[in-house]
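See structure below.
Please treat every number below as a calculation from the coordinates, not as lab data. Predicted model only: the values in this text are computed from it and were never measured. For neighbour counting, all protein chains shown are included, and Cβ atoms are generated from backbone atoms with ideal geometry for every residue, glycine included.
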Amino acid sequence: MAIQEVAVDLADYDSFIVEPFSDGMGGSGNRSFLAEVQQKVANRIIEKTYLTSEGKTVLRISGELIQYDEGSTTDKFVSPMQEAVCRVKLYDNSSGKVLGTANCTSRAKSSFRKGPEELAEGLGKAIADDWIVKHDSRGARPEEKD
């Protein structure tokens, strides 16, 4: 959910930095999720976009965990749903200008694919696939074939 829509073409950027995500829940945020999310987001950006980890024009990404719900005990047996919501900002690294802000959500609805690592991967998809690619005129990176 966009709070400040991205008004530039992200194709102007050739690299990115993902900063460690902060706990905006007063210290009660899931530590395992926060430990995983930076790397999972970076991996998904490399996989799905044209951005690399080294370059001259840097897109900086920061995030703050604002909600983490592991689901109730009943939910875990009937229809397990876990959710993480992060407020994410994109910056032009050289000027520090905020290019866009959004609340990005990851949900795990399966009893097999759940937990902090899965939610971190889902957040990477929300940021890379649903936000960065949308604002990059190059589109998504083609899938590599073996």
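Things to note:
- Whichever residue in segment 42-66 is of a type in the set (D, E, K, R) and surrounded by fewer than 18 Cβ atoms within 10 Å (Cβ to Cβ) and, among such residues, is farthest from the chain's Cα centre (by Cα): Lys56
- Looking across segment 21-41, the residues that are buried (at least 19 other Cβ atoms within 10 Å of the Cβ), hydrophobic (A, V, I, L, M, F, W, C) and not in a loop (DSSP other than H, G, I, E, B) come down to Phe33, Leu34, Val37, Val41.
A quick yes/no check of all residues on (1) crowded, with 16+ Cβ neighbours inside 10 Å; (2) of a type in the set (A, V, I, L, M):
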residue	(1), (2)
Val85	yes, yes
Val88	yes, yes
Asp92	yes, no
Gly96	no, no
Gly100	yes, no
Glu121	yes, no
Gly124	yes, no
Asp130	no, no
Asp136	yes, no
